[in-house]
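See structure below.
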Amino acid sequence: MALHDTNIVWHQATVTKADRQRKSGHKSVVLWFTGLSGAGKSTLANEVERRLYEKGVRTYLLDGDNIRHGINKDLGFSPEDRTENIRRIGEVSKLFVDAGVVVLTAFISPYRADRELARSLVEADEFIEVYVKCAIEECENRDPKGLYKKAKAGEIPEFTGISAPYEEPENPELIVTTDAQSLDVCAEQVVEYLKKKIIFG
């Protein structure tokens, strides 16, 4: 740690975040989609990104499963590994915000403290927590990957909502109810929120 503490210094770039945002033509933020497995996070994030892309917004989508194939492939699903998973995603998201990009993240991110850590890495108005709310019964009915069935059979340890906790957001910027509203309605709700916050015109 001493080597890191004494010899590594943050290098200030000449081109700033504000410069990149002006080049992009819009503000850069983290859209953090959180919710149970099967709630529709990835589906919703994909649809929102498509709509933003069509409006000329520079975007990038970080999906939980995809990230675990690469940067986080060394992590499991213990509480410690889940925390490290989200910490890394928070840091990557911060880089995208600095690059002037709207970054969408679709992760269960079950712990409030981990989500708050991710929030703390960017400016106060640059983190938008979107709670993709869906009753666990509906998530189990959908079960697109068959995970709930495996978890209940004891084949998947520490599965969120079954053998591991999910801590609901207490004050998210936005709540979308995917078990009560269509994908179209939910996606439009997110896009309209961004317009209201003047992220883009």
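The values are calculated or read from the model by the stated rules, or taken from the named source; none is laboratory data. It should be emphasised that the depicted structure is a prediction, and the values quoted were computed from it without experimental measurement. No Cβ is skipped: glycine too gets one built from the backbone with ideal geometry, and neighbour counts run over all protein chains shown. Keep in mind that these areas ignore ligands, DNA and RNA; they rest on the heavy atoms of the full protein, side chains included. Shrake-Rupley method; radii C 1.70, N 1.55, O 1.52, S 1.80 Å.
What the table shows:
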read-out: Spin-label model distance (nm) - residue 53 vs residue 149, 7 Å beyond Cα toward Cβ; value: 3.1
read-out: Hydrodynamic radius by Kirkwood, which averages 1/r over all alpha carbon pairs of segment 58-159, in angstrom; value: 15.0
read-out: Gain in span if fully extended, residue 192 to residue 87, counting 0.36 nm per residue against the direct Cα distance; value: 35.0 nm
read-out: Label point distance in nm, residue 141-residue 117, each placed 7 Å from Cα along Cα→Cβ; value: 3.6
read-out: Accessible surface, per residue, of the chain when the full set of protein chains is kept, probe 1.4 Å, Å²; value: 55
read-out: Carbon and sulfur %, accessible surface of the chain computed with the full protein complex present, 1.4 Å; value: 53
read-out: Trypsin sites (Lys or Arg not before Pro) within segment 80-119: DSSP coil, no more than 10 neighbouring Cβ in 10 Å; value: none
read-out: Mean residue ellipticity (222 nm) of the chain, computed from DSSP H runs ≥ 4 via -39,500 (n - 2.57), nearest 500; value: -12500 deg cm²/dmol
read-out: Nonlocal amide H pairs with residue 104, under 5 Å, H built at 1.01 Å; value: 31, 60, 61, 62
